[in-house]
Amino acid sequence: MAEPVRVRLSGLKKAFGPKKVLDGLDLTIEKGTSIVILGRSGMGKSVLLKHMVGLLSPDAGKVEIDGEDLWKSPSGKRNNLRSRFGMAFQEGALFDSMNVGENIAFPLRRLTKLKPADIKKRVAECLELVHLPGIESKLPSELSGGMRRRVGFARAIAHQPEILLFDEPTTGLDPIMTDALVRVIDELKRRLDPTMVTITHDLKVAFSIADRVALLNNGRIVADLPPREFESSRDPLVAAFVRGDSQLDPDAVD
Amino acid sequence: MAVLEFFGRLLLGFLEGLGRFFVLLGQTLRGVFRPWDLRALAAQMIRVGIDSVPVVFLTAFFTGGVMALQTYTGFARFNAEGFVGSVVALSMLRELSPVLTGLMVTGRAGSAMAAEIGSMRVTEQIDALVAFATDPVHYLFVPRVLAAILVVPMLVVIGNATGIAGGYVIAVRILGANPVVYLSNSFQYLEANDLWSGLIKAAVFGSLLSLIGCQQGFDTRGGAEGVGRSTTSAVVLGSLAILIADFFLTKVLF
Ligand SMILES: Nc1ncnc2c1ncn2[C@@H]1O[C@H](COP(=O)(O)OP(=O)(O)OP(=O)(O)O)[C@@H](O)[C@H]1O
Ligand SMILES: [Mg+2]
């Protein structure tokens, strides 16, 4: 049986000044799917992710969440749609006026009806998951870049949202931490069956967490395949990416 | 031609900024009537207030003193030294204390609001707020604007008292005025309206400087340099707005 569509992007266009970042992009993500988006640096992966929660509005095209047009909905409804998401930002984007505990509690306070004691428990739980137990009272400015990213990850999953967006969750983490985070993602998948969109440059991570792997190039999704097929694809762009071969990608040296 | 274009652009930029200001003003006003966080308001009141008390104190004291010196020199020419106290008190309450306090709070708190919200913008913290279904204007602007509207009049009361005290010290200690006569003259000719018109001005100045500070921060673009620009324009535009509003308010409140 086909799962219902959670996120549908159609004909998405976005330009910053003269620079076209998204150029008629189509992408459909079904409930419970984990999709990994690959693409060269600066290709617009983060921009794509921001369109899904409505942090950026497209110049043309449509963003639909559970069948609702995000930008045709009144702002109250739009916030309701947003509350189904949990997003981990590329640079963490922790609130630096709050300590780590308050950061992770933020979505719990605003989007759930949990009691203070339960919030505290859930915050501790999430910090355990990212191997940073007991740092609730630290300020974001006291953390390393990798720690901040992990706290951002913990904040994104805290309220157990139905749709998770991870922008390079493992970049800059050591191999052991990367493995730990992949395990957390696997565990989430098994327990909660969320819809998941992950951006990463780490192919090992990509192939181990993805149901589908998509490649963004020049403003469009140029490949969207199950991991096995993606790995063995003969498409020159895909093959260049998988092998990390700058000779194979016609645009690589520009 | 280039000159025309330059001024045209300047005018357009100004009108755009003005329009943007009123949009955010409307959103903030609407936000006031939705439930807001009392603790956030208290925190902002403490920050705006505590930050500014020392400078308001010093400014008002020396301004009161210099008013006494200047009016004494003038009034002595037609034997009206006795009215120095009245003039100092009247000008402090109606004009100098509200305007100078407004300018000082713009420099301390308005700029701090622009810097804080601006850095939240460039580090994607505002995006994070939106992603967690939180209206950033409501969350960030409302407590700051309300705090400034409440706190600036309180600071003006402090300024009134220290200004009159400054005039008294100069007049009695340096110019040799009779302390009893000076004090009774200070208060004898004051009307309730003198105090009220100053406090109304103060509340308006508070709303202007905080809204402009928040708006400049909110619309920050382009990294640390952008935050610097926003902070500067929060002070420049905030001060200008206060001086212009002062003229019209004086006309209305005489
Ligand atoms: N707010 C913005 N204003 C102007 N240009 C932007 C903005 N956001 C992104 N861009 C531009 O859009 C392009 C895509 O940026 P994006 O951050 O999505 O890249 P990315 O694929 O996530 O790269 P990376 O892998 O390095 O994170 C870049 O060229 C960037 O300069
Ligand atoms: Mg990115």
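Here residue B:111 meets each of (1) open to solvent by less than 10 Å² (accessible area, probe 1.4 Å); (2) within 26 Å of the chain's Cα centre (by Cα); (3) hydroxyl-bearing (Ser, Thr, Tyr) with one exception, condition (1).
Quick check on this structure: which one of A:69, A:96 is touching a residue at least 40 places away in the same chain (Cβ under 8 Å) and either under 28 Å from residue B:30 (Cβ atoms) or within 16 Å of ligand 2 (Cβ to nearest atom) (or both)?
Among A:69, A:96, only A:96 is touching a residue at least 40 places away in the same chain (Cβ under 8 Å) and either under 28 Å from residue B:30 (Cβ atoms) or within 16 Å of ligand 2 (Cβ to nearest atom) (or both).
Counting the residues of region B:1-42 that are touching a helix residue (DSSP H, G or I) at 6+ places or on another chain (Cβ under 7 Å) and among the hydrophobic types (A, V, I, L, M, F, W, C) gives 7.
For residue A:98, the conditions (1) within 11 Å of another protein chain (Cβ to nearest Cβ); (2) over 19 Å from the mean Cα position of the chain (by Cα); (3) assigned to a helix (DSSP H, G or I) all hold with the exception of (3).
What tally of residues in region B:166-223 results from selecting those that are open to solvent by less than 40 Å² (accessible area, probe 1.4 Å) and either among the basic types (Lys, Arg) or in a helix (DSSP H, G or I) (or both)? Write out each step before concluding.
Step one: filter region B:166-223 for residues open to solvent by less than 40 Å² (accessible area, probe 1.4 Å), giving B:166-167, B:170-172, B:177, B:182, B:185-186, B:194, B:197-199, B:201-203, B:205-218, B:220, B:223.
Of the ones still in play, those that are also either among the basic types (Lys, Arg) or in a helix (DSSP H, G or I) (or both) are B:166-167, B:170-172, B:182, B:185-186, B:194, B:197-199, B:201-203, B:205-218, B:223.
Qualifying residue count for the region: 30.
What's the number of the only condition in (1) away from ligand 2 (no atom under 16 Å from the Cβ); (2) assigned to a strand (DSSP E or B); (3) closer than 30 Å to residue A:123 by Cα; (4) not basic (Lys, Arg) that residue A:103 fails to meet? For residue A:103, the failing item is (2).
Could you run through region A:17-63 and say how many residues are hydrophobic (A, V, I, L, M, F, W, C) and either closer than 18 Å to residue A:91 by Cβ or within 14 Å of ligand 2 (Cβ to nearest atom) (or both)?
Of region A:17-63, the ones hydrophobic (A, V, I, L, M, F, W, C) are A:21-22, A:25, A:27, A:29, A:35-38, A:43, A:47-49, A:52-53, A:55-56, A:60, A:63.
Of the ones still in play, those that are also either closer than 18 Å to residue A:91 by Cβ or within 14 Å of ligand 2 (Cβ to nearest atom) (or both) are A:21-22, A:36-38, A:43, A:47-49, A:52-53, A:55-56.
Residues meeting the conditions: 13.
Please verify whether residue A:182 is farther than 21 Å from residue A:206 by Cα and not small (Gly, Ala, Ser), treating the condition exactly as stated. Considered against the rule, which asks whether it is farther than 21 Å from residue A:206 by Cα and not small (Gly, Ala, Ser), residue A:182 comes out as no.
Step by step: first the residues of region B:68-98, then only those that are under 23 Å from residue B:251 (Cα atoms) and surrounded by fewer than 24 Cβ atoms within 10 Å (Cβ to Cβ), then the one that is farthest from the chain's Cα centre (by Cα). Which residue is that? Per the stated criteria, the residue is B:86. Total residues in region A:103-130 satisfying the condition of being under 24 Å from residue A:50 (Cβ atoms) and away from chain B (no Cβ under 12 Å): the figure is 2. Counted as qualifying within region B:73-150 are the helices (runs of 4 or more DSSP H) with 3 or more residues that are within 14 Å of chain A (Cβ to nearest Cβ), namely B:111-122, B:125-131.
Number of residues in region B:33-52 that are open to solvent by less than 70 Å² (accessible area, probe 1.4 Å) and within 21 Å of residue B:114 (Cβ to Cβ) equals 9.
Taken together, the residues in region A:45-63 that are more than 16 Å from residue A:35 (Cβ to Cβ) and away from chain B (no Cβ under 14 Å) amount to 5.
Considering region A:149-254, the qualifying helices (runs of 4 or more DSSP H), each wholly inside and each with 3 or more residues that are open to solvent by 10 Å² or more (accessible area, probe 1.4 Å) and touching a helix residue (DSSP H, G or I) at 6+ places or on another chain (Cβ under 8 Å), run over A:175-192, A:203-209.
The values are calculated or read from the model by the stated rules, or taken from the named source; none is laboratory data. Please read all numbers here as calculations on a predicted model, not as lab measurements. Positions of Cβ are generated from backbone atoms using ideal geometry, with glycine treated the same way; all protein chains shown enter the neighbour counts. Heavy atoms of the whole protein, side chains included, go into the accessibility calculation; ligands, DNA and RNA do not. Shrake-Rupley method; radii C 1.70, N 1.55, O 1.52, S 1.80 Å.
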